[in-house]
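Written below as structure tokens is the structure these notes are about.
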Amino acid sequence: MKIAQFSRIGFIMAAAGSAVGLGNIWKFPYMTGEYGGGAFVLVYLITIAFVGFSVMVAEMLIGALGRKDTVGSFERLAPPDKKGWKYAGFMGFNGLIIMTFYSVVIGWIFYYLFKLSSALPTSTETAKATFDNLVANEPGVQIFWHTVATLIVTYIVYRGIKGGIEKINLILMPALMMILFGMLFYAFSLDGFSKAFSFMFEPDWSKLNSEAIVRAVGHSFFTLSLGMGAIMTYAASLPKHTSITQTAFIVTFMDTLIALVAGLVIYTFLFQEGAPAAQGPGLVFISLPVVLSNFGYIGTFLALLFFLALSFAGLTSAVSLVEPVVQYIIDRFDTTRLKAVLIAGSAYYIVGIGALLSYTKAWGETFSIAGKPLFDILEYTTDSILLPLGGLLIAVFVGYVLQKERVRSALAHEMGDRYFAVWRFSIRYVAPIALVFMMLNLMGVLKI
Ligand code: TRP
């Protein structure tokens, strides 16, 4: 099958759209709060600079040279005696695992958009009750919004790389950035801003433990959409003569910038009202609406804008989670895009229902394993095990399996020889060591 090509700006927006997601606006801020602020942020930034960026270049390279679905690209690029590497391409299927809970969270956001437009909760108790009630007692409502999210995402993917994914990203990404930067400017004018700034950028090392480090490394992969073949799949449609290094840099930069802006905005509002930082996953669903209710009309307006931005971020990432499997199915089984989308869509949709039920009172136990809700298991496994593993496979493949000359001729003219050597060192040593270290540590944290 011939894969359609992005335009250059379309590719940048689509890759940035994949990277900028719930990970940036929902997860990064609450993890920063949970793990104590500045020190966590610093570990995250260091990992992005020294590991994430290099792996992004490597992942794009596999796609751009392979020009096929994830399995096909690994297979085509592996030397004849190492064709087993094609199995690494099955990392694309992790996208569906992520989608099981990602779609549920997008559903929550839709519900909030709809709900908050009438009134913001004025106390933490009511806000918490609303969120807890939705999650624990309203499987029907959640299934409804999970269905809406699934229909939108699968429709965009069904329209394909050009007519769906590129188009939607070219509209939603600029809109998202305008909303967030607009909110940042507003945050500047509030007293809470300086507190938010020092919370995020002044490390308190006493708060840093090995769990925080593991989570920061895992999150830097999640937020950059690495280790699962999403970026690889998009790069298979990279327009010719586009610099991989430069695009990877722009995407990494935008993703990091938006996470920091989202964190600053949320913590400014929070500290403005004297609320504490550690709020957990409920941060944007519970604390933010209450805090904003103190801002009167402008608060409702800001809340709607915020959830709108969040839904845009979620949708543009979700399509990148589904597309790899869809391309794989189209390529392998020579079927239509419609059929491929229906298969991939129903797979994650059904398991997603299990994930949301695992948080409910009525069904929680049925959908838990060893006392852990399915939702958490799916999230933890992808974020902390499968993505780093995928990242490791990508680093080893590009660093050791692909012929050096091939890699050099693709990248050295973009980077210059000296930087190429630095990048290659990072891909061969720094990234694998960091990832193995992280996985070992993780086993310690999990006590397996
Ligand atoms: N990066 C997205 C976020 O921050 C999520 C995401 C999209 C993703 N595609 C991915 C994560 C591929 C890992 C792999 O929300």
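Where a number appears in this text, it was derived from the coordinates with a stated rule and is not lab data. Fair warning: this is a prediction, and the values are worked out from it, not measured in the lab. Neighbour counts run over all protein chains shown; Cβ positions are idealised from the backbone, glycine included.
Mean separation of Cα pairs under 8 Å and 6+ residues apart, divided by the residue count of the range 199-336: what relative contact order is that in percent?
Reported as a whole number, the value is 24 percent.
Within the set Lys115/Lys361; Lys83/Lys167; Lys240/Lys404; Lys27/Lys86; Lys115/Lys339; Lys83/Lys339, which residue pairs have Cα atoms separated by over 24 Å?
Numbers: Lys115/Lys361 22 Å; Lys83/Lys167 36 Å; Lys240/Lys404 21 Å; Lys27/Lys86 32 Å; Lys115/Lys339 34 Å; Lys83/Lys339 28 Å.
Pairs exceeding 24 Å: Lys83/Lys167; Lys27/Lys86; Lys115/Lys339; Lys83/Lys339.
Taking a spot 7 Å from the Cα of Ile9 along the direction of its beta carbon, which residues of the range 164-207 have an amide N less than 18 Å from it?
Backbone N within reach: 164-179.
Which of rounded, prolate, oblate describes the range 179-249, given a ≥ b ≥ c as roots of the alpha-carbon gyration tensor eigenvalues and a/c under 1.5 marking rounded, otherwise prolate only if a/b is larger than b/c?
The shape class here is oblate.
Taking the Cα centre of the chain as the origin and placing charges on Cβ (Lys, Arg +1; Asp, Glu -1), which of Phe201, Ile165, Leu357 is farthest toward the positive end of the dipole?
It is Ile165.
Relative to the Cα centre, what is the charge dipole magnitude of the chain, using +1 at the beta carbon of each Lys and Arg, -1 at the beta carbon of each Asp and Glu, and rounding to the nearest 20 debye?
In debye, rounded to 20, the chain gives about 1360.
Given a Förster distance of 60 Å, report the FRET efficiency between Lys83 and Phe188 from their Cβ-Cβ distance, rounded to the nearest 0.05. Working shown, then result.
Details: r = 55 Å, r/R0 = 0.92.
Result of the calculation: an efficiency of 0.60.
For the range 62-162, with only Lys/Arg (+1) and Asp/Glu (-1) charged at the beta-carbon, what is the dipole magnitude about the Cα centre, in debye rounded to 20?
I would put it at about 640 debye.
Taking a point 7 angstrom from the Cα of Leu151 along the C-beta vector, which residues in the range 99-119 have backbone N less than 19 Å away?
Taking a point 7 Å out along Cα→Cβ of Leu151, the residues of the range 99-119 whose backbone N falls under 19 Å are 103-115.
For His413 and Asp204, what does the FRET efficiency come to when R0 = 35 Å and r is the distance between their Cβ atoms, rounded to the nearest 0.05?
The formula returns an efficiency of 0.20 here.
By how many degrees, between 0 and 90 and to the nearest 10, does the Cα long axis of helix 210-223 differ from the longest principal axis of the chain?
With both axes taken from Cα atoms, the answer is about 70 degrees.
Quote to one decimal, in nm, the extra length available between Asn441 and Leu342 on full extension: 0.36 nm per residue of separation minus the C-alpha distance between them.
Difference between extended and current length: 31.8 nm.
Which residues in the range 236-268 place their backbone N less than 20 Å from a point set 7 Å from the Cα of Val422 along the Cα-to-Cβ direction?
Residues passing the 20 Å test: 243-257.
So how much slack lies between Ala136 and Glu273, counting 0.36 nm per residue of separation and subtracting their Cα-Cα distance, in nm? Provide the component values of the computation, followed by the final result.
Values: separation 137, 0.36 × 137 = 49.32 nm, distance 2.78 nm.
Computed gain between Ala136 and Glu273 is 46.5 nm.
So, in nm, how far is label Arg76 from label Ser243 when the simple model puts each one 7 Å beyond its Cα toward the Cβ?
With each label point 7 Å from Cα toward Cβ, the separation is 2.5 nm.
Provide the packing ranking of 216-222, 129-135, 344-350, 391-397, i.e. peptides ordered by the mean count of other C-beta atoms within 10 Å per residue, highest first.
216-222, 391-397, 344-350, 129-135
Would you calculate, for the chain, the mean residue ellipticity at 222 nm contributed by helices, counting each DSSP H stretch of 4 or more residues as -39,500 (n - 2.57) and dividing by all residues, to the nearest 500?
So the helix-based figure for the chain works out to -22500 deg cm²/dmol.
With springs only between Cα atoms under 10 Å apart, run a GNM on the chain and tell me which of Trp205, Trp145, Trp423 wobbles the most.
In this elastic network of the chain, the residue with the biggest mean-square fluctuation among Trp205, Trp145, Trp423 is Trp205.
What is the projected area of the convex hull of the Cα atoms of the range 8-442, averaged over all directions, in nm²?
20.1
Can you give the angle from 0 to 90° between the axis of helix 53-66 and the longest principal axis of the chain, with both taken from C-alpha atoms, to the nearest 10?
It is inclined by approximately 50 degrees.
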